[in-house]
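What follows is a single structure, written as C-alpha cells, with notes after it.
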Amino acid sequence: MFAHKVVVVTGGAQGIGKTIAEEFRREGAEVCVIDLLPNPYFVGDLADPAVLELFARKVTDDWGRVDVLVNNAPPLMKGIDACSYEEFDRALRVGVAAPFYLCKLFRPWFAPGASVVNISSSRDRMSQPQTESYTAAKGGISALTHALAVSLAGKVRVNSISPGWIDTSFTEYEGPDAYQQPAGRVGNPMDIANMVLYLCSDKAGFITGENICIDGGMTRQMIYHNDFGWTLDNSHLR
C-alpha cells in the first residue's frame, strides 16, 4: 500500500513515533525521521526553525516529494508551579509551531493524495494537575488540524489522533490500571500506528479535519465519587 511512498515522522526514534516509522517501513515506504535522539536519517531540534528548514531541504533533495507527514514529536510536560516561560514557549514550538512550519515547508512538495497526521492527546480535552505546557500544545495541534485541513483542501488531507494511556514499552497491565479503562486494557503504540496507516491510506479518502481519540474509552466514562466503586482522594489539593 505504501511501497515507495515518502513518509516523514517527527520524533520517530522512540515510542509511538518509532512504531509508526517501523510500520511504514514494513509496508515498503521510504521513512525520513527527525529526532533529537540518534537515528539513521536526521538528528535535530524541532524547536529551531533553521533546523526544520535544513531537514525539509534534505527530504526534498533526497526524494523530491512528500506523501505522508506524521507530526508526532512530544512537547515538554511541566505545570504552572515549575514551568518557566521559556519552557512553556519551547513546548509550543515543538508541539504546534514545528508541525505548522513543516506543513508550510513541504506544501509545494506534497504529492497528489498526500496526508498529514498530527499526534495530539486525550489531554486536549481533559487534564491532570501540573500539565499545562503539554496540554496547551496538544490542544493547539488539535485545532491546527482542522485549520490546515481547510487551507490545504483538495491537495492534502489533514487529521489528528488523540491517544490516551499508551505504554510505549508494550507492558501488559492487569488489575485497576487495566479495568479502569472501558476497553479493559492499557494501549500500546500499535493502537496508534494502525490508525495512522489507515488515515494515510485510500480507504480514508473521505476523512479530513477530524480528530480521532484512541483512549480505550476513558474520556467517555463518567466518574462520580462513591458511585460504581469510584472514590476521590483530594489530598493533593490541601
Quiz item: Counting just the residues of region 62-112 that are closer than 18 Å to Ile16 by Cβ and polar (S, T, N, Q), which one comes out surrounded by the fewest Cβ atoms within 10 Å (Cβ to Cβ)?
Solution: Asn72
Quiz item: Would a scan of region 53-69 turn up a residue that is within 22 Å of Met190 (Cα to Cα), out of contact with any Ser or Thr (no Cβ under 6 Å at 6 or more places or on another chain) and not β-branched (Val, Ile, Thr)?
Solution: yes
Quiz item: Can you tell me which of Lys58, Lys104 is part of a helix (DSSP H, G or I) and in contact with a strand residue (DSSP E or B) (Cβ under 9 Å, 6 or more places away or on another chain)?
Solution: Lys58
Self-check item: Pairs with Cβ under 6 Å, 6+ apart, first in region 56-73 and touching a residue at least 60 places away in the same chain (Cβ under 8 Å) and acidic (Asp, Glu), second surrounded by fewer than 18 Cβ atoms within 10 Å (Cβ to Cβ) and not in a strand (DSSP E or B)
Solution: none
Exercise. Examine region 142-157 for a residue that is touching a Ser or Thr at 6+ places or on another chain (Cβ under 6 Å) and of a type in the set (Lys, Arg), and state whether such a residue exists.
Key: yes
Exercise. Filter region 194-238 down to residues that are surrounded by fewer than 13 Cβ atoms within 10 Å (Cβ to Cβ) and charged (D, E, K, R) and give me whichever is farthest from Ala178 (Cα to Cα).
Key: Asp202
Practice problem: Test Gly139 against the criterion of being without any contact (Cβ under 8 Å) to a residue 24 or more places away in the chain and surrounded by fewer than 23 Cβ atoms within 10 Å (Cβ to Cβ), and give yes or no. | Solution: yes
Exercise. Give just the number: which of (1) in contact (Cβ under 8 Å) with a residue 60 or more places away in the chain; (2) within 20 Å of Gly95 (Cα to Cα) does Ser162 not satisfy?
Key: (1)
Exercise. Identify, by number, the condition in (1) in contact with a helix residue (DSSP H, G or I) (Cβ under 7 Å, 6 or more places away or on another chain); (2) under 26 Å from Ala137 (Cβ atoms); (3) modelled with pLDDT of 95 or more; (4) not in a strand (DSSP E or B) that Met195 doesn't meet.
Key: (1)
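The values are calculated or read from the model by the stated rules, or taken from the named source; none is laboratory data. The shown structure was predicted, so the numbers you read here are calculated from the model rather than taken from an experiment. Here the Cβ is made from the backbone with ideal geometry for all residues, glycine too, and neighbour counts use every protein chain on show.
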